[in-house]
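Colleague: Sharing a structure, written as structure tokens. Questions coming.
Throughout, read-outs are computed from the coordinates displayed, never taken from laboratory work. Model, not experiment: these values are computed from the prediction. Note that we place each Cβ from the backbone using ideal geometry, even for glycine, and neighbour counts take in every protein chain shown.
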Amino acid sequence: MLSIGIVGLPNVGKSTLFKLITQKKIDCANYPFCTIEPNIGVVVVPDERLDLISQVVPSKKKTYSAIEFVDIAGLVEGASQGKGLGNKFLANIRETSLIVYVLRAFQEKEIVSVRNEIDPLQEAELLETELALKDLETLDKRIHWLEKEHRSGRKTNERDILIKARKIIEESHLLSDSDFDEETKKTISNLSLLASKPRIYLVNGKEEEISLETRNRFKNKNFLIVDINNPDSLVIDELIRKSYELLGLITFFTVGPEEIRAWKIRKGAKAPEAGGAIHSDFQEKFIKAIVVDWQDLIKKGGFSKATKRIEGKNYTVQDGDVVEIKHGA
């Protein structure tokens, strides 16, 4: 399950956003740390293509892809040293695939704030700093152990890779923007560093409350403005679309009389991996894939009438493919 963590200071609108997205009834009281244990909700991913396919393929069931949102307790300055909910908060973020920072721009004075001023740029910097400090602690422990191994004669590339990663975090707080080779990616991923997770910056406020400085600072980032008290459903769709894009995900479809279904898979995945998304046996015993373009399926009026391609193990699945996996018994 793709998991998106909603992160921010107390009372910036995290739980309200979560409630809006998931339609779950949760406590959104006006005091810090109203949320302690994470709220978790699973949301279907809107996909017009699946709706169009269902119009030409008779089926008992239509299943969208799904995405999990996690409303995580508010962070405070010093969380990396255990303040507020500290390590519990950071551990909850570590379990997610992507981070959405909710940053306060709204000026309602009746909403309690843990800061003296409303400044989304300062909030973003505080969040990044606390996550970076936790990563540096994780890296220092690992590098220290590797240096002991190095002195005893057991040398690997991991130490040099982690020293490089540490320098990047110190300078920019983020690893997700860096272009690493496969060995470096694998080494870093083993530590589940917070700096490796993609970010979306969601500023909560009215358009007129968002300063030009804020817009300029975030314009080259994954930036959304949402007045959570007066939301637009299109913004929620955009949040999901950006999440897919940042995580390198695409969608393929399967069709049949029992079910038509959307599946998410990493961009660049081969046909057997698509089989594995459906069932592990399909990947292990993959023989071939029968592939149809979703637009051709709709144009021709069904899977059986559409132009089919027979693809083998080396076929790279494309966004929008309609796939039938053939596998051994």
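Colleague: Short version: ³J(HN,Hα) in whole Hz for each residue of the stretch 129-145, in order, from phi by Karplus 6.51 cos²θ - 1.76 cosθ + 1.60 (θ = phi - 60°), x for Gly and Pro, what are they?
Modeller: 5, 5, 5, 5, 4, 5, 5, 4, 5, 4, 5, 4, 5, 5, 5, 4, 5
Colleague: Arranged by the count of other C-beta atoms within 10 angstrom, fewest first, what order do Ser280, Ser15 take?
Modeller: Lowest count first: Ser280, Ser15.
Colleague: In the Gaussian network model of the chain, springs joining C-alpha atoms below 10 Å, which of Glu273, Glu149, Glu95 carries the largest mean-square fluctuation?
Modeller: Result for the chain, Cα springs under 10 Å: Glu149 fluctuates most.
Colleague: Arrange the peptides 185-192, 243-250 so that the one whose residues have, on average, the most other Cβ atoms within 10 Å appears first.
Modeller: 243-250, 185-192
Colleague: Between Glu171 and Asp140, what length comes free when the chain is fully extended (0.36 nm per residue of separation minus the Cα-Cα distance, one decimal in nm)?
Modeller: 9.6 nm
Colleague: For a quick check: with amide H placed at 1.01 Å from N, whose amide H comes under 5 Å from Ile287's, ignoring anything fewer than 5 positions away on the same chain?
Modeller: Close amide H contacts, sequence-distant or interchain: Lys326, His327, Gly328.
Colleague: Tell me the label-point distance for the pair Ser189, Glu68, using the 7 Å Cα-to-Cβ offset, in nm and rounded to one decimal.
Modeller: For the pair Ser189/Glu68, the computed spacing is 1.8 nm.
Colleague: Is there a pair in Lys264/Lys300; Lys134/Lys264; Lys14/Lys167; Lys197/Lys313; Lys155/Lys185 whose C-alpha atoms are over 27 Å apart, and which pairs would that be?
Modeller: The answer is Lys134/Lys264; Lys14/Lys167; Lys197/Lys313.
Colleague: Residues with amide H under 5 Å of Asp321's amide H, sequence separation 5 or more or different chain, H placed in the peptide plane at 1.01 Å from N; which?
Modeller: The answer is Phe253.
Colleague: Can you put Phe223, Phe286, Phe69 in order, fewest other beta carbons within 10 Å first?
Modeller: So the residues, fewest neighbours to most, are Phe223, Phe286, Phe69.
Colleague: Relative contact order for the stretch 190-283 using alpha-carbon pairs under 8 Å, separation at least 6, rounded to a whole percent?
Modeller: Once normalised by length, the contact order is 18 percent.
Colleague: For Lys305, which lysines qualify as cross-link partners when the Cα separation must be under 23 Å and same-chain residues fewer than eight apart are set aside?
Modeller: Lys60, Lys61, Lys62, Lys288, Lys326
Colleague: Okay, next question. Can you list residues whose amide H is under 5 Å from Asn39's amide H, if they're 5+ apart or on another chain and H is modeled 1.01 Å from N?
Modeller: Those qualifying (amide H under 5 Å, at least 5 residues apart or on another chain) are Asp71.
Colleague: Output wanted: per-residue J couplings in Hz (rounded whole) for the stretch 315-327, from phi through Karplus 6.51 cos²θ - 1.76 cosθ + 1.60, θ = phi - 60°, x for Gly and Pro.
Modeller: 6, 8, 5, 9, 4, x, 4, 9, 10, 10, 8, 9, 9
Colleague: Please report the spacing between the Cα centers of the stretch 162-218 and the stretch 266-287 in Å, no decimals.
Modeller: Cα centres, the stretch 162-218 to the stretch 266-287: 31 Å.
Colleague: A further question follows. Would you indicate which of (1) 23.7, 74; (2) 22.6, 68; (3) 18.7, 55 is the value of Rg and Dmax of the Cα atoms in Å derived from the coordinates of this structure?
Modeller: Derived directly from the coordinates: (2).
Colleague: Sorting Arg241, Arg217, Arg199 on the 10 Å Cβ count, fewest up front, what's the list?
Modeller: Lowest count first: Arg241, Arg217, Arg199.
Colleague: Quote the relative contact order of the chain in percent (integer), defining contacts as alpha-carbon pairs under 8 Å separated by 6+ residues.
Modeller: Averaging sequence separation for qualifying contacts and normalising by length gives 18 percent for the chain.
Colleague: So what is the relative contact order of the stretch 251-327, in percent, for Cα pairs below 8 Å that sit 6 or more residues apart?
Modeller: 41 percent
Colleague: Counting helices only, and only those DSSP H runs with n ≥ 4, report the 222 nm mean residue ellipticity of the chain as the sum of -39,500 (n - 2.57) divided by its residues, in deg cm²/dmol to the nearest 500.
Modeller: Value at 222 nm, helices only: -11500 deg cm²/dmol.
Colleague: Something else now. Ordered by residue, what ³J(HN,Hα) values in Hz, to whole numbers, does the stretch 213-227 give under the Karplus form 6.51 cos²θ - 1.76 cosθ + 1.60, where θ = phi - 60° and Gly and Pro are x?
Modeller: 4, 4, 4, 5, 5, 9, 4, 9, 10, 7, 10, 10, 10, 9, 8
Colleague: Just grab the label-to-label distance for Lys206 and Thr129, each label 7 Å out from Cα along the Cβ direction, in nm (one decimal).
Modeller: With each label point 7 Å from Cα toward Cβ, the separation is 3.1 nm.
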